[in-house]
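The values are calculated or read from the model by the stated rules, or taken from the named source; none is laboratory data. No experiment lies behind these values; they were computed from the predicted model shown. Glycine also receives a Cβ, built like all others from the backbone with ideal geometry; neighbour counts cover every protein chain displayed. For the accessible areas, the whole protein counts, side chains as well, though only heavy atoms, and no ligand, DNA or RNA atoms are used. Shrake-Rupley method; radii C 1.70, N 1.55, O 1.52, S 1.80 Å.
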Amino acid sequence: MSETSPKLRAELEGIPTYKPGKPAAADGPVAYKLSSNENPYPPLPGVMETVTAAACSFNRYPDMACAALTAELAERFGVPASHVATGTGSVGVAQQLIQATSGPGDEVVYAWRSFEAYPIITQISGATSVQVPLTPGDVHDLDAMADAITDRTRLIFVCNPNNPTGTVVRRAELERFLDRVPSDVLVVFDEAYREFIRDPEVPDGVTLYRERPNVCVLRTFSKAYGLAGLRVGFAIAHEPVAAALRKTAVPFGVSQLAQEAAIASLRAEDELLGRVGSLVCERVRVVDALRAQGWTVPETQANFVWLRLGERTTDFAGACEQAGVVVRPFAGEGVRVTIGEAEANDIFLKAAEAFRREM
Ligand SMILES: Cc1ncc(COP(=O)(O)O)c(C=O)c1O
């Protein structure tokens, strides 16, 4: 037998691995997971009942077209059903968008640091990442991003609010930016945290999509709607982008449980958005407390805060863990901390205060 291994695509070499948020230790004192921007609330009883009922038929394949969910989303956003494309979380849909637009020789532009899946899914497609540094204030530098467009650019991600900094870009600067993007380049607004935005100057990407055929909006049920474990997200895009998403979808990728839970969540939106409101209040409390402790915290519109700790990042994350909360360190850069239950936020604030005193 020959000793050579199967030939794999060269593009996979050196691909960064996605680092999921570390789980809370099962045997620790009190341990809260503030490392994955999850929703701390348990599933709503009504959503749970729907999912339990759907579980009775998981011997069957799901509806491949996600027809009922698509119809519900189309109605909710006032868009044609043919402009809605669902997928296995919004990261799944983001990957389909790259597959549909970009291959070897093509460029995908995005801010950096931003959502860590972007470099991975770009490299898998064989396309080239063009990373445009955030401004010193940790905000997308839209002028520099527009300057980075070449005739090889196929797709641009605008993560609004940006993961992991929580910062936003506002209407006037976005319009100016979009005016500079050629109409054959797809601009993807990744709005995974849209429901947490309270700044009235941040436009809903769907309004931008309505005016511009090259704009696509990504949304998810994982954050505000609390369905991270069920894997369902969607895009709103014009043809032919939406059609391309249907072509690139993994057949039967979105489970029936996920489809039904998403529909039930849309119908329970008032209650779910009430929970988001409480998390936003917690966000304000945490940011105010951190600033009172002397930290510099960028203005966040998401369900997390960013502390640019540089060389102290890993030590800070260790101190938080010791105290009972797991956060998300980006070594040498900073720490992202999800807004969780009030008790978890209190533990985090105490750990931050103690760390600050020793700095
Ligand atoms: C900016 C951003 N986009 C997309 C996602 C992916 O979410 P999901 O695949 O769960 O919909 C995340 C998850 O953390 C995110 O932070």
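Lys and Arg at +1, Asp and Glu at -1: add these up for the other residues within a Cβ distance under 15 Å of R76 and post the number.
-3
Say the cut-off is 21 Å between C-alpha atoms; which of K19/K223; K223/K247; K7/K247; K33/K350 go over it?
Too far apart for the 21 Å limit: K223/K247; K7/K247.
Accessible area per residue for the stretch 143-191 in Å², computed with a 1.4 Å probe and the full protein assembly in place, what is it?
Using a 1.4 Å probe on heavy atoms only, each residue of the stretch 143-191 averages 36 Å².
How high is the relative contact order of the stretch 89-194? Use alpha-carbon pairs under 8 Å, at least six apart in sequence, and give a whole percent.
Result for the stretch 89-194 is 28 percent.
How large, in percent, is the carbon and sulfur part of the accessible surface of the stretch 221-359 at a probe radius of 1.4 Å?
Reported share for carbon and sulfur atoms: 53 percent.
Where the centroid of each part is defined by its Cα atoms, how far is the stretch 30-58 from the stretch 98-160 in Å?
33 Å
With all protein chains present and a 1.4 Å probe, how do C56, C159, C281 order by accessible area, largest first?
The ordering from most to least exposed comes out as C56, C281, C159.
Whenever you get a sec, line up Y41, Y18, Y61 from highest to lowest accessible area (probe 1.4 Å, protein heavy atoms).
I get Y61, Y18, Y41, largest accessible area first.
Using amide H atoms built 1.01 Å from N in the peptide plane, name the residues 5+ places from V132, or on other chains, whose amide H lies under 5 Å from its own.
Y110, A111, W112
Any idea what the relative contact order of the stretch 257-359 is, in percent, if you count C-alpha pairs under 8 Å spaced at least 6 apart?
24 percent
How do W306, W295 rank by accessible surface area computed with a 1.4 Å probe, from largest to smallest?
W295, W306
Rounded to the nearest whole Å², what accessible area per residue is found for the stretch 264-345 with the 1.4 Å probe?
Value for the stretch 264-345: 40 Å² per residue.
What ranking do 318-326, 7-15 get when scored by the average of other Cβ atoms within 10 Å per residue, highest first?
Result, highest mean Cβ count within 10 Å first: 318-326, 7-15.
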